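A.B. asks: The structure follows.
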Amino acid sequence: MHVVSYALFLIALFQCRFLAFAILDPIDFLALQSIRKSLHDLPGSNFLASWDFTSDPCNFAGVYCASDKVVALNLGDPRAGSPGLTGRIDSAIGKLSALAELSIVPGRIYGSLPESISQLKGLRFLAISRNFISGNIPVTLGRLRRLKTLDLSYNQLTGGIPRSIGTLPELTNVILCHNHLSGSVPPFLSHVLTRLDLKHNALSGSLAPYSLPPSLQSLSLSWNRLTGPVDKLLSRLNHLNYLDLSLNQFTGPIPGRLFSFPITNLQLERNSFSGPVRPTEQVTIPTVDLSHNRLSGHISPMFSTVQNLYLNNNYFTGQVPASFVDRLLSASIRILYLQHNYLTGIEISPTAEIPLRSSLCLQYNCMVPPVQTACPLKAGKMKTRPTSQCKG
């Protein structure tokens with residue numbers, strides 16, 4: 001009798017254990033096994049220790065299930081400074097048919113992005129940054145029609161940004177910075193796109209006036225090889241609160257309307273923007289950098305309300321508006337860099353004391369600086385321009 005009871009107990013125990021495994025769809029179970037085989041903890045990481053397939057995979061670190069399907073996969077210890085994972089992303093990732101979120105923490109994941117990711121029709125969040133992913137961005141990612149966030153930043157991706165990605169209707173964040181991407185910036189059609197970060201690549205070509213949506217709040221294209229005018233495009237982006245187009249080859253005028261947008265940091269330095277700059281109203285942007293361009297004409301007094309203003313290395317002429325002096329002496333202006341222009345005067349007393357927390361640089365203009373102030377080393381040692389450059 002005792003033997004029969006023990007046998008029944010063993011059968012019941014086996015059934016319970018089997019049911020524990022049967023919670024997860026078998027296809028998802030096998031996919032997780034393949035994913036696990038291709039990944040390894042870096043020294044100091046213990047993330048994959050919980051991936052013991054004799055227990056319920058829905059209890060694994062970084063695995064989240066709904067019903068019998070995996071809906072989110074967050075690979076690696078998310079705590080700051082954790083070593084992360086190494087290995088490749090197995091193509092079996094495409095078998096997790098209910099996956100809505102896929103992220104991998106910074107580490108040493110290498111190889112290409114599997115084409116099979118494009119099979120994840122419900123994927124909304126894809127973030128694999130600060131690893132060593134190489135190769136091209138799959139054109140087939142354009143099939144992920146529900147994707148909202150695409151972050152492949154700080155990898156070693158090459159080739160172009162597929163035009164198909166620009167057609168995704170629900171994109172809100174595209175972060176592809178710090179790669180080796182080339183070619184042109186495709187049009188982005190999503191009406192809910194708020195952040196586009198493509199800085200530190202090798203992108204080239206020009207931007208069409210309607211290539212980016214007015215929903216954008218943050219646009220960073222710095223450190224590329226982009227060319228052409230952007231005045232018509234920028235005039236449409238009236239929700240911007242961050243704009244960095246520095247270190248490109250953009251040309252043409254800077255629209256005066258841009259300075260009335262709710263921007264907190266405006267970086268347009270080191271391009272070939274030209275012509276006068278005429279803000280339509282008093283500028284309240286805390287930091288404005290227009291240095292190292294080909295801007296000309298008089299400096300607008302509308303800029304006197306900017307805290308950190310970089311207008312150096314341009315072709316500005318005439319007198320510095322008196323409103324700048326008032327605000328500089330009251331320490332309302334922290335940085336006023338006007339060096340390497342063609343300015344002819346500033347009404348400031350030679351005995352005026354510049355507040356310690358303020359910085360003024362006037363050297364290499366068509367005047368002798370009336371006050372001696374410390375300038376950045378890159379400004380050089382020449383106090384004034386040769387008179388031959390200041391005629392007419």
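The values are calculated or read from the model by the stated rules, or taken from the named source; none is laboratory data. All of these numbers come straight from a predicted model, not from anything done at the bench. Neighbour counts run over all protein chains shown; Cβ positions are idealised from the backbone, glycine included. Accessible surface areas use protein heavy atoms only, side chains included; no ligands, DNA or RNA. Shrake-Rupley method; radii C 1.70, N 1.55, O 1.52, S 1.80 Å.
A.B. asks: So, in region 220-244, how many residues would count as being open to solvent by less than 10 Å² (accessible area, probe 1.4 Å) and within 23 Å of Q282 (Cα to Cα)?
C.D. replies: Going residue by residue through region 220-244, those that are open to solvent by less than 10 Å² (accessible area, probe 1.4 Å) are 220-222, 226, 230, 233-234, 237, 240, 243.
Checking the rest, the ones that are also within 23 Å of Q282 (Cα to Cα) come to 230, 233-234, 237, 240, 243.
Qualifying residue count for the region: 6.
A.B. asks: Consider L247 carefully, then state whether it is under 19 Å from L196 (Cβ atoms) and buried (at least 23 other Cβ atoms within 10 Å of the Cβ). Quick ask: steps written out before the conclusion?
C.D. replies: Values: under 19 Å from L196 (Cβ atoms): yes; buried (at least 23 other Cβ atoms within 10 Å of the Cβ): no.
For L247, the condition - under 19 Å from L196 (Cβ atoms) and buried (at least 23 other Cβ atoms within 10 Å of the Cβ) - is not met.
A.B. asks: Looking at Q307, Q319, Q282, can you tell me which residue is in contact with a Gly (Cβ under 6 Å, 6 or more places away or on another chain), modelled with pLDDT of 95 or more and open to solvent by 60 Å² or more (accessible area, probe 1.4 Å)? Spell out how you get there, then give the answer.
C.D. replies: On the way: Q307 fails: in contact with a Gly (Cβ under 6 Å, 6 or more places away or on another chain); Q282 fails: in contact with a Gly (Cβ under 6 Å, 6 or more places away or on another chain).
The conditions single out Q319.
A.B. asks: Then there's this: For region 73-92, which residues satisfy the criterion of being under 24 Å from the mean Cα position of the chain (by Cα), surrounded by fewer than 20 Cβ atoms within 10 Å (Cβ to Cβ) and in contact (Cβ under 8 Å) with a residue 40 or more places away in the chain?
C.D. replies: Across region 73-92, the qualifying residue is only P83.
A.B. asks: Okay, moving on. Do we have F259 as open to solvent by less than 10 Å² (accessible area, probe 1.4 Å), farther than 26 Å from S358 by Cα and within 23 Å of the chain's Cα centre (by Cα) here? Explain how you work it out, then say what you get.
C.D. replies: Values: open to solvent by less than 10 Å² (accessible area, probe 1.4 Å): yes; farther than 26 Å from S358 by Cα: no; within 23 Å of the chain's Cα centre (by Cα): yes.
Answer is no for this residue.
A.B. asks: Pick from K37, K69, K121, K95: which is charged (D, E, K, R) and buried (at least 19 other Cβ atoms within 10 Å of the Cβ)?
C.D. replies: Values: K37 fails: buried (at least 19 other Cβ atoms within 10 Å of the Cβ); K69 fails: buried (at least 19 other Cβ atoms within 10 Å of the Cβ); K121 fails: buried (at least 19 other Cβ atoms within 10 Å of the Cβ).
Testing whether each residue is charged (D, E, K, R) and buried (at least 19 other Cβ atoms within 10 Å of the Cβ) leaves just K95.
A.B. asks: If you go through region 42-65 one residue at a time, how many are within 18 Å of L102 (Cα to Cα) and open to solvent by less than 50 Å² (accessible area, probe 1.4 Å)? Full working, then the answer.
C.D. replies: In the first step, residues of region 42-65 are kept if they are within 18 Å of L102 (Cα to Cα); the result is 47-48, 51, 57-65.
Checking the rest, the ones that are also open to solvent by less than 50 Å² (accessible area, probe 1.4 Å) come to 47-48, 51, 57-58, 60-63, 65.
Residues in region 42-65 being within 18 Å of L102 (Cα to Cα) and open to solvent by less than 50 Å² (accessible area, probe 1.4 Å): 10 in total.
A.B. asks: For region 99-107, check the following and say yes or no: at least one residue is of a type in the set (D, E) and touching a strand residue (DSSP E or B) at 6+ places or on another chain (Cβ under 8 Å). So that I can check it myself, show each step before the final result.
C.D. replies: Going through region 99-107, the residues of a type in the set (D, E) turn out to be 101.
Now restrict to residues that are touching a strand residue (DSSP E or B) at 6+ places or on another chain (Cβ under 8 Å): 101.
Scanning region 99-107, I find at least one residue that is of a type in the set (D, E) and touching a strand residue (DSSP E or B) at 6+ places or on another chain (Cβ under 8 Å), so the answer is yes.
A.B. asks: I'd like the residue in region 151-171 that is within 23 Å of N248 (Cβ to Cβ) and touching a helix residue (DSSP H, G or I) at 6+ places or on another chain (Cβ under 7 Å) and, out of all such residues, is surrounded by the fewest Cβ atoms within 10 Å (Cβ to Cβ).
C.D. replies: So the residue we want is P162.
A.B. asks: For region 20-34, name all the residues that are part of a helix (DSSP H, G or I) and open to solvent by 60 Å² or more (accessible area, probe 1.4 Å). Don't jump to the end; show me each part of the working.
C.D. replies: Taking region 20-34 and keeping what is part of a helix (DSSP H, G or I), we get 20-22, 26-34.
If the condition is that a residue be part of a helix (DSSP H, G or I) and open to solvent by 60 Å² or more (accessible area, probe 1.4 Å), then F21, P26, I27, L30 are the ones that fit.
A.B. asks: Go through the residues of region 358-366 one by one and say whether even a single one is out of contact with any helix residue (DSSP H, G or I) (no Cβ under 7 Å at 6 or more places or on another chain), open to solvent by 50 Å² or more (accessible area, probe 1.4 Å) and modelled with pLDDT of 95 or more.
C.D. replies: Scanning region 358-366, I find no residue that is out of contact with any helix residue (DSSP H, G or I) (no Cβ under 7 Å at 6 or more places or on another chain), open to solvent by 50 Å² or more (accessible area, probe 1.4 Å) and modelled with pLDDT of 95 or more, so the answer is no.
A.B. asks: When region 367-384 is examined, which residues are found to be open to solvent by less than 30 Å² (accessible area, probe 1.4 Å) and closer than 18 Å to S291 by Cα? Before you say what the answer is, go through the steps one by one.
C.D. replies: Taking region 367-384 first, the residues open to solvent by less than 30 Å² (accessible area, probe 1.4 Å) are 367, 369, 371, 379.
Scanning region 367-384 gives a single hit, A379.
A.B. asks: Would you check which residues across region 172-189 are in a loop (DSSP other than H, G, I, E, B) and in contact with a helix residue (DSSP H, G or I) (Cβ under 8 Å, 6 or more places away or on another chain) and list them? Walk me through it before giving the result.
C.D. replies: Start the filter on region 172-189 by keeping residues that are in a loop (DSSP other than H, G, I, E, B), which leaves 172, 176-179, 184-189.
Those that are in a loop (DSSP other than H, G, I, E, B) and in contact with a helix residue (DSSP H, G or I) (Cβ under 8 Å, 6 or more places away or on another chain): P186, P187, F188, L189.
A.B. asks: Collect the residues in region 334-357 that are at pLDDT below 95 and open to solvent by 80 Å² or more (accessible area, probe 1.4 Å), keeping them in residue-number order.
C.D. replies: Answer for region 334-357, where residues must be at pLDDT below 95 and open to solvent by 80 Å² or more (accessible area, probe 1.4 Å): E347, P350, T351, E353, L356, R357.
A.B. asks: Next question, about the same structure. Tell me which strands (runs of 3 or more DSSP E) are completely within region 52-156 and hold 1 or more residues being over 29 Å from H200 (Cβ atoms), or say none if there are none.
C.D. replies: Details: elements: 63-66, 69-75, 85-87, 101-104, 108-112, 125-128, 132-136, 149-151.
Counting at least 1 such residues, we get 63-66, 69-75.
A.B. asks: Follow-up. Looking at region 368-386, which of its residues are modelled with pLDDT under 95 and not in a loop (DSSP other than H, G, I, E, B)?
C.D. replies: Listed by number, the residues that qualify are L377, K378, A379.
A.B. asks: While we're on this one: Of the residues that sit in region 172-214 and are of a type in the set (V, I, T) and open to solvent by less than 20 Å² (accessible area, probe 1.4 Å), which one is farthest from K148 (Cα to Cα)?
C.D. replies: The initial filter retains those residues of region 172-214 that are of a type in the set (V, I, T), namely 172, 174-175, 185, 192, 194.
Then drop every residue that is not open to solvent by less than 20 Å² (accessible area, probe 1.4 Å), which leaves 174-175, 185.
On the way: V174: 8, I175: 11, V185: 19 Å.
The selected residue is V185.
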